Amino acid sequence: IRAPRDARPQFESPRVGLMAILKVAKLGNPVIRKPTEAVPKETIGSPELQRLIADMIDTMHEYEGVGLAAPQVHVSKQLAVIEAKEPVHGDKPIPLTVLINPRILGMGKAVDADWEGCLSVNDLRGQVPRAAWVDVETFNRKGERIKIHAEGFFARVIQHECDHLAGKVFLDRMQDLSTLTHLKEMARFRHGE
Ligand code: NI
């Protein structure tokens, strides 16, 4: 899937001095709709997977996303990265989080609707109902099995990214398509939402 690295010698950290912005697959590319495969646990520490994680983080930052799932960079694996350095929608910032083979263990019955967009769906925002909290079990980037309890915007982003791993996008979760809005029109007509 990814071009082999060049023939320079392998150092302990293959990251040193290197970064790559990956090409983002858009809606319509079959990889966005294909359910992903689990990452074999023993490969989590491999230079290839660690490099993919680092490149996905760089790509998320480059395009000012708060989450990015592997199928969005043409890799059909259960892997996603999440981070919000600034508070979004008045909620807390989200620390850098790497999800590998995540499983949602439970979610709140209470549902909130709020705006979502997606790097694979250019320039559109829509109101999406999501559970107000989720409990997730996942491997982190060190290959440790961890549990995360997330609320508010963090819970929303986790649900959005886990959907990507199942071949779903936020449009599938919208209950009222009439809220679908181009970013430019949102700035004009829905300022402050
Ligand atoms: Ni997305």
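The values are calculated or read from the model by the stated rules, or taken from the named source; none is laboratory data. For clarity, every value in this text was computed on a predicted model and none was experimentally measured. Here the Cβ positions follow ideal geometry from the backbone for every residue, glycine too, while neighbour counts run over all protein chains shown.
Only one entry of Leu49, Leu119 meets the criterion of being away from the ligand (no atom under 13 Å from the Cβ) and either more than 17 Å from the chain's Cα centre (by Cα) or at pLDDT 95 or above (or both), and that entry is Leu49. Within the stretch 116-152, being of a type in the set (S, T, N, Q) and touching a Pro at 6+ places or on another chain (Cβ under 9 Å) holds for Ser120, Thr138.
Glu64 meets all of the listed conditions (1) more than 26 Å from Lys41 (Cα to Cα); (2) touching a residue at least 60 places away in the same chain (Cβ under 8 Å); (3) within 15 Å of the ligand (Cβ to nearest atom) but one, namely (2).
Kindly indicate whether any position in the stretch 73-80 is more than 16 Å from the ligand (Cβ to nearest atom), over 30 Å from Phe189 (Cα atoms) and crowded, with 16+ Cβ neighbours inside 10 Å. No, because not a single residue in the stretch 73-80 is more than 16 Å from the ligand (Cβ to nearest atom), over 30 Å from Phe189 (Cα atoms) and crowded, with 16+ Cβ neighbours inside 10 Å.
May I ask you to list the residues in the stretch 86-115 that are touching a Pro at 6+ places or on another chain (Cβ under 9 Å) and under 17 Å from Pro129 (Cα atoms)? Across the stretch 86-115, the qualifying residues are Val111, Asp112, Ala113, Asp114. Annotation note: Cβ proximity below 6 Å between a residue of the stretch 84-97 that is within 17 Å of Glu62 (Cα to Cα) and a residue that is assigned to a loop (DSSP other than H, G, I, E, B) (sequence gap 6+ or interchain) occurs for Ala84/Val66; Ala84/Pro93; Lys85/Pro93. For Met19, the conditions (1) touching a helix residue (DSSP H, G or I) at 6+ places or on another chain (Cβ under 7 Å); (2) more than 30 Å from Glu116 (Cα to Cα); (3) at pLDDT below 95 all hold with the exception of (2).
The set of residues from the stretch 64-83 being at pLDDT 95 or above and over 11 Å from the mean Cα position of the chain (by Cα) comprises His74, Val75, Ser76, Lys77.
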